């Protein structure tokens, strides 16, 4: 079924103009991308004349001219994405059938899309009370929040609890000479891989919201936290994929990389490796979810994968999520630390009798002396 045939159907069945592309695709048994394009154009035609603006007309004309200029028929179009920039300008991108989409091209497209909305921000000086006489990096580590999981709290409450913990950990650090914030994100930041409604390996999950809402809600929650932190010191975001959200955390990391591309106060490490490394003075940190590697092997993995950083530093730790509880072991002078979670239990965990204290922790890394302790926030709700 062509895009024009779908539009003819919509012209007769006006009720489907209010439906999603997913519903239309299932009804007509045709590609969802064609339905998205047909819905966009049909909805525009269905508007009252005064509702149509010149920008919308222009972008449709530009789209049709683009197809003519490049010798592309509408039947060869696999998908079209239309969006509006902050300044109100209309934009579109076209993917044709048979066009290969590599990981690199997807990564570039996501970053460029997010960069449209990226405000340019100059690096700030530390505010009063945040000096660098005895500099530290303050690692706020809140793994395994499982954003979107079905439990006793809605998404707004989950977001409020996350920000409450972040703010409390910052308030408790008043008086420390915070030079940088280290913000590991992910580690099952989202509860499922999205439309599949499963973990990465396929275990079914119960989510409290649609996959689009939970994806957008998660990365917007992270920007809220980052915008709060960067007013006090620069923020280094470390993206760690989990076993529930291995793919979606990569996509969320690219959205954040594009969003903060022009902000000198924020860096984003969304490199391809599942294990991320961070160096601060004499400190070396490895971040990994912790579901694949054996804890006793992690120090050797550090030394093997990043020998130059290993040689430059004298204080080293591995920080993991996955277990939702605190657990620390030391191997040859290197601590492997599983960090607790603030995530509430769902019905299955309650039935199984699993219980862990909902705790957020932040680690104090002296630039020269290593770990000097951590501060803790306990969720009381």
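The values are calculated or read from the model by the stated rules, or taken from the named source; none is laboratory data. No experiment lies behind these values; they were computed from the predicted model shown. Positions of Cβ are backbone-derived with ideal geometry, glycine not excepted, and every protein chain shown enters the neighbour counts.
Residues that are farther than 27 Å from residue 146 by Cα and in contact (Cβ under 8 Å) with a residue 12 or more places away in the chain within region 303-323 comprise 305, 306, 309, 310, 312, 313, 314, 315, 316, listed in sequence order.
Could you list, in sequence order, the residues of region 355-376 that are crowded, with 19+ Cβ neighbours inside 10 Å and either closer than 16 Å to residue 278 by Cβ or not assigned by TED's automatic domain parsing to the domain that holds residue 335 (or both)? Within region 355-376, 362, 363, 365, 366 qualify. Scanning region 140-156 for residues that are in contact (Cβ under 8 Å) with a residue 60 or more places away in the chain and either surrounded by fewer than 21 Cβ atoms within 10 Å (Cβ to Cβ) or not assigned by TED's automatic domain parsing to the domain that holds residue 324 (or both) yields 150, 151, 152, 153, 155. Return the residues of region 277-299 that are without any contact (Cβ under 8 Å) to a residue 40 or more places away in the chain and either part of a strand (DSSP E or B) or within 19 Å of the chain's Cα centre (by Cα) (or both); say none if nothing qualifies. Once the filter is applied, which keeps residues that are without any contact (Cβ under 8 Å) to a residue 40 or more places away in the chain and either part of a strand (DSSP E or B) or within 19 Å of the chain's Cα centre (by Cα) (or both), region 277-299 yields 277, 279, 284, 286.
Remark: residue 344 falls outside the filter, which requires a residue to be in a loop (DSSP other than H, G, I, E, B), at pLDDT 95 or above and assigned by TED's automatic domain parsing to the domain that holds residue 168.
Rundown of residues vs (1) outside the structural domain of residue 211 (by TED's automatic domain parsing); (2) part of a loop (DSSP other than H, G, I, E, B); (3) closer than 20 Å to residue 211 by Cβ, yes/no style:
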site	(1), (2), (3)
11	yes, no, no
23	yes, no, yes
26	yes, no, yes
30	yes, yes, no
36	yes, no, yes
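Just one residue in the set 200, 214 is assigned to a loop (DSSP other than H, G, I, E, B) and surrounded by 17 or more Cβ atoms within 10 Å (Cβ to Cβ); that residue is 200. Within region 230-253, being in a helix (DSSP H, G or I) and crowded, with 23+ Cβ neighbours inside 10 Å holds for 248, 249, 252, 253. Can you find even one residue in region 308-317 that is part of a loop (DSSP other than H, G, I, E, B) and over 25 Å from the mean Cα position of the chain (by Cα)? Within region 308-317 (the criterion being part of a loop (DSSP other than H, G, I, E, B) and over 25 Å from the mean Cα position of the chain (by Cα)), the answer is yes, since at least one residue qualifies. For region 316-341, which residues satisfy the criterion of being modelled with pLDDT of 95 or more, surrounded by 16 or more Cβ atoms within 10 Å (Cβ to Cβ) and touching a strand residue (DSSP E or B) at 6+ places or on another chain (Cβ under 6 Å)? Of everything in region 316-341, those that are modelled with pLDDT of 95 or more, surrounded by 16 or more Cβ atoms within 10 Å (Cβ to Cβ) and touching a strand residue (DSSP E or B) at 6+ places or on another chain (Cβ under 6 Å) turn out to be 316, 317, 318, 319, 320, 334, 335, 336, 337, 338, 339, 340.
Kindly evaluate residue 128 against the criterion of being surrounded by fewer than 13 Cβ atoms within 10 Å (Cβ to Cβ), modelled with pLDDT under 70 and either outside the structural domain of residue 270 (by TED's automatic domain parsing) or in a strand (DSSP E or B) (or both). Considered against the rule, which asks whether it is surrounded by fewer than 13 Cβ atoms within 10 Å (Cβ to Cβ), modelled with pLDDT under 70 and either outside the structural domain of residue 270 (by TED's automatic domain parsing) or in a strand (DSSP E or B) (or both), residue 128 comes out as yes.
Give region 278-287 a look and list any residue that's in contact with a helix residue (DSSP H, G or I) (Cβ under 8 Å, 6 or more places away or on another chain) and either on the phi > 0 side of the Ramachandran plot or buried (at least 20 other Cβ atoms within 10 Å of the Cβ) (or both), or say none. Result: 284, 286.
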